[in-house]
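Undergrad: Once you've had a glance at the structure underneath, I'll fire off some questions.
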Amino acid sequence: MNIKTLFKGIQVHDIYDNYPDAVIIINSQKNIVFWNKRAQNIFGFSKRDIIGKNIGIIFTDDIGKIHQNLTAAKSSILTAITKTDKEIFIEICCSEANENEEVIIAVRDVTRNQKIIEKLLLEYDKVLTISKNKSNLIASLSHELRSPIHFIIGFGQVLLDGLGGKLTEKQEKYVSLISKNANNLLAFLNNILDLSKIEAGKMEVNIKLFDVAQLINSVTESLNPVMEDKKLNFTVDLTDLVKKNIHSDENLLRQILINVLANAVKFTEMGSINLKVIHPDQDLVSSYNLKIHPEYTDKSFLMFSVTDTGIGIPEDGLETIFDEYRQVDRTISKKYGGTGLGLAITRKILEELGGVIWVESELKQGSTFSFIIPIDKLEQ
Ligand code: ADP
């Protein structure tokens with residue numbers, strides 16, 4: 001049955017002519033057999049101009065898309081050409097009209113939306129380039145600044161060690177202040193450098209096999225003096241660590257561990273700090289949407305938990321402390337210093353490693369920072 005006789009007594013153009021969208025019907029040879037008023041408005045061709053012509057006269061895109069669109073049963077965006085040779089964007093939706101293989105194409109002019117999208121994409125590209133340039137500039141600036149700061153720290157230490165002659169009490173106090181501030185500045189620059197490297201997509205991740213127990217040992221040894229200074233009871237629990245040789249980036253994991261442990265020391269006045277390492281179960285890993293490899297075993301991930309008995313974090317700070325330049329409140333920087341960059345960097349590094357970090361805490365009771373990393377060698 002032909003589309004024109006589909007509805008007894010009703011002419012097909014009666015139904016389609018007043019549609020808000022253009023309606024075009026083509027036959028099996030892709031020749032236009034029906035064309036409504038809106039189609040005339042969009043494309044400029046009158047019925048007389050167009051009936052009997054091939055649809056290729058207006059569709060600049062591959063006409064095969066009509067067929068794809070039919071089988072996929074969804075709309076698609078194509079480019080088309082009007083009578084005055086203007087290129088426009090259209091959204092089409094096709095359906096089979098009848099057994100004669102006629103196809104009804106509903107067409108909407110989306111040129112305005114598409115132009116807006118193109119403009120936004122262009123702007124987005126520009127912003128990305130500006131952001132990358134900014135990160136590169138900050139990276140090279142920080143790099144240049146680090147050398148003179150190393151000099152200040154080095155020669156400050158020379159003076160403090162008495163190698164330039166004995167210092168008076170006042171001189172020693174001033175030089176100590178210079179050294180302390182230069183060290184803070186260096187730590188800040190290192191953070192900025194890391195952040196801009198990550199933002200510029202230049203963070204190098206070197207996945208290799210290494211002994212994680214040995215790494216934990218060297219990190220905890222380096223932190224022992226500060227733990228002792230603050231009289232904190234530091235314990236490490238590796239009893240559930242079955243797989244010691246893991247695939248990850250040793251330097252990045254060291255940086256993460258130092259950041260989290262150094263924070264635990266900084267924000268704990270008394271009590272204890274515990275580092276526990278386990279292989280987390282799959283449910284926990286899945287709950288954080290981590291990529292689980294088809295060759296997953298119950299030893300495919302490691303979870304590190306650092307628990308302290310420090311000042312704790314209020315509920316509304318549990319997420320925000322992982323944002324850049326965020327501290328729980330202003331009193332923190334006054335009392336403990338810092339810039340609020342360490343955890344932002346830690347979270348970004350963990351993302352690079354395919355892991356995740358989170359915190360559970362109770363004010364004045366303490367906090368537990370936990371993070372999970374994948375440790376299998378995954379084929380690229
Ligand atoms: P910084 O320590 O330089 O301020 P971080 O990004 O490492 O920056 O930490 C952000 C904030 O998170 C800290 O300023 C502090 O408010 C909070 N925080 C981090 N670790 C702890 C902890 N173990 N106990 C309590 N608060 C913490």
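The values are calculated or read from the model by the stated rules, or taken from the named source; none is laboratory data. Please read these numbers as outputs of a predicted model, since none were measured by experiment. Positions of Cβ are backbone-derived with ideal geometry, glycine not excepted, and every protein chain shown enters the neighbour counts. With ligands, DNA and RNA removed, areas are computed over all heavy atoms of the protein, side chains included. Shrake-Rupley method; radii C 1.70, N 1.55, O 1.52, S 1.80 Å.
Undergrad: Subtracting the Cα-Cα distance from 0.36 nm times the residue separation, let me have the gained length for residue 365 to residue 240 in nm, one decimal.
TA: Details: separation 125, 0.36 × 125 = 45.00 nm, distance 2.56 nm.
Gain on extension, residue 365 to residue 240, equals 42.4 nm.
Undergrad: What nm value, rounded to one decimal, do you get for the distance between residue 119 and residue 270 when each label is placed 7 Å out toward the C-beta?
TA: Distance between label points: 6.5 nm.
Undergrad: Order of 267-274, 299-306, 141-148 by packing, highest average Cβ count within 10 Å first?
TA: Values: 267-274: 16.4, 299-306: 20.4, 141-148: 13.2.
So the peptides 267-274, 299-306, 141-148, ranked by packing, come out 299-306, 267-274, 141-148.
Undergrad: Can you give me the long-range amide H partners of residue 248? Hydrogens built in the peptide plane at 1.01 Å from N, cutoff under 5 Å, separation of 5 or more residues or another chain.
TA: 208, 210
Undergrad: Quick one: 3J(HN,Hα) in Hz for the range 228-240, Karplus 6.51/-1.76/1.60 with θ = phi - 60°, rounded, Gly and Pro as x.
TA: Working through the residues one at a time gives 5, 3, 8, 6, 9, 8, 9, 10, 10, 10, 10, 4, 9 Hz.
Undergrad: May I pose another question? Count the lysine pairs in the range 124-199 that are 8 or more places apart or on different chains: how many have C-alpha atoms under 30 angstrom apart?
TA: On the way: 126/134; 126/197; 132/197; 134/180; 134/197; 166/180; 170/180; 180/197.
The result is 8.
Undergrad: Nearest-5 percent of antiparallel DSSP beta bridges in the chain?
TA: On the way: 48 of 53 bridges.
Counting DSSP beta bridges with both partners in the chain, the antiparallel share is about 90 percent.
Undergrad: What does the accessible area of residue 49 come to, in Å² to the nearest 10, when a probe of 1.4 Å is used?
TA: 50 Å²
Undergrad: Which FRET efficiency, nearest 0.05, do residue 74 and residue 100 yield, Cβ-Cβ r, R0 25 Å? Spell out each step's value before the answer.
TA: Values: r = 24 Å, r/R0 = 0.95.
Calculated value: 0.60.
Undergrad: Using the Cα centre of the chain as the reference point, and only Cβ charges (+1 on K/R, -1 on D/E), how large is the resulting charge dipole? Debye, rounded to the nearest 20.
TA: Numbers: 44 positive and 50 negative charges, 249 e Å.
In debye, rounded to 20, the chain gives about 1200.
Undergrad: Could you pull the accessible area for residue 324 with a 1.4 Å probe, rounded to 10 Å²?
TA: Result for residue 324: roughly 60 Å² accessible.
Undergrad: Quick one: Karplus J couplings for the range 281-292, per residue in order, coefficients 6.51, -1.76, 1.60, θ = phi - 60°, nearest Hz, x for Gly and Pro?
TA: 7, 4, 4, 5, 4, 5, 5, 9, 6, 7, 5, 9
Undergrad: Related question: To the nearest 10 Å², what's residue 307's accessible area with a 1.4 Å probe?
TA: 50 Å²
Undergrad: Computing the accessible area with a 1.4 Å probe over protein heavy atoms, can you report the carbon and sulfur percentage for the chain?
TA: In the chain, the share of accessible area belonging to carbon and sulfur is 53 percent.
Undergrad: Under a point spin-label approximation (7 Å from Cα along Cα-to-Cβ), what is the residue 178-residue 298 distance to one decimal in nm?
TA: Result for the modelled spin labels: 6.0 nm.
Undergrad: Ordered by residue, what ³J(HN,Hα) values in Hz, to whole numbers, does the range 159-176 give under the Karplus form 6.51 cos²θ - 1.76 cosθ + 1.60, where θ = phi - 60° and Gly and Pro are x?
TA: My calculation for the range 159-176 gives 5, 5, 6, x, 6, x, x, 6, 8, 6, 4, 5, 4, 4, 4, 5, 5, 4 Hz in order.
Undergrad: Hey, in the GNM for the chain with a 10 angstrom Cα cutoff, which one of 248, 361, 28 fluctuates hardest?
TA: Highest fluctuation of the listed residues: 28.
Undergrad: On to the next question. Can you give me the accessible area per residue for the chain, using a 1.4 Å probe, in Å²? Spell out each step's value before the answer.
TA: On the way: 22380 Å² over 380 residues.
Solvent-accessible surface per residue comes out at 59 Å².
Undergrad: Of all GluC sites (Glu not before Pro) in the range 99-128, which ones are in loop regions per DSSP and have a Cβ with at most 15 other Cβ atoms within 10 Å? Please report the intermediate quantities before stating the final value.
TA: Details: sites: 99, 101, 102, 118, 123; in loops: 99, 101, 102.
Here the GluC sites (Glu not before Pro) that fit, given the DSSP loop and packing criteria, are 99, 101.
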